[in-house]
Amino acid sequence: GLGPYDDTNIFARILRGEIPCRKVYEDAHVLAFHDIAPQAPVHVLVIPKGRYVSWADFSATAPDAELGAFCRAVGHVARELGLESDGYRLLANMGTQAGQEVPHFHMHLFAGKPLGPMIS
Ligand code: 5GP
């Protein structure tokens, strides 16, 4: 499993400003930035500022205000980037079999080309 939250994970370091990122959006609860190794022409990561290791953790324990802010921020990013007409894909890897690498919950947003079948 992913274990307890580890403040040395890469996204915690980005949130603390210790590592730079290409910021797309930020508010009190959420940060969105471009993935360092994009798998589509547009590949953005949206993360809560709170300390949640995974979707399981975030969905079960985050206050409603943080859950709401996160959902609205994802939509805001898509709108701001002009993705609504052509569309986009949201994906969150949860745990080992999904291949989650960074133990700070994040949503991937992919866009910019036809994305093909959902499971690779
Ligand atoms: P996961 O496999 O955990 O769902 O996705 C982690 C994502 O974080 C990967 O797409 C990876 O390219 C991205 N990533 C890892 N380290 C960094 C980093 O230092 N900066 C940015 N912007 N993205 C990162």
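Can you give the FRET efficiency for LYS113 and THR61, using 1/(1 + (r/R0)^6), R0 = 22 Å, r = Cβ-Cβ distance, to the nearest 0.05?
E(calc), rounded to 0.05, equals 0.05.
Which residues does a label at TYR5 reach in region 80-118, if reach means a backbone N under 16 Å from a point 7 Å past the Cα toward the Cβ?
Backbone N within reach: 102-107.
What is the distance in Å between the Cα centres of region 64-117 and region 4-57?
Between the Cα centres of region 64-117 and region 4-57 lies a distance of 12 Å.
Keeping the other protein chains in place, figure out the carbon and sulfur percent of the accessible area of region 10-111, with a 1.4 Å probe.
Working: 2830 of 5530 Å².
That fraction is 51 percent.
How large is the helix-only mean residue ellipticity at 222 nm for the chain, computed as the sum of -39500 (n - 2.57) over DSSP H runs with n ≥ 4, divided by its residue count, in deg cm²/dmol to the nearest 500?
-7500 deg cm²/dmol
Could you state the angle between the C-alpha long axis of helix 64-80 and the longest principal axis of the C-alpha atoms of the chain, as a value from 0 to 90 degrees rounded to the nearest 10?
30 degrees
Treating the beta-carbon of each Lys and Arg as +1 and of each Asp and Glu as -1, no other charges, what is the dipole magnitude of region 10-111 about its Cα centre, to the nearest 20 debye?
Working: 9 positive and 11 negative charges, 37 e Å.
That gives a dipole near 180 debye.
Would you mind checking which residues have amide H under 5 Å from PHE105's amide H? H placed 1.01 Å from N; only 5 or more apart, or other chain.
Sorted by chain and number, the residues that satisfy this are TYR52, VAL53, SER54.
Beyond 19 Å, what share of the Cα-Cα pairs of region 10-111 remains, rounded to the nearest whole percent?
Considering region 10-111, 39 percent of its Cα-Cα pairs are separated by more than 19 Å.
The values are calculated or read from the model by the stated rules, or taken from the named source; none is laboratory data. Note that the structure is predicted; figures quoted are calculated from it, not measured. Reconstructed Cβ throughout: ideal geometry from the backbone, glycine too, with neighbour counts over all protein chains shown. Accessible surface areas use protein heavy atoms only, side chains included; no ligands, DNA or RNA. Shrake-Rupley method; radii C 1.70, N 1.55, O 1.52, S 1.80 Å.
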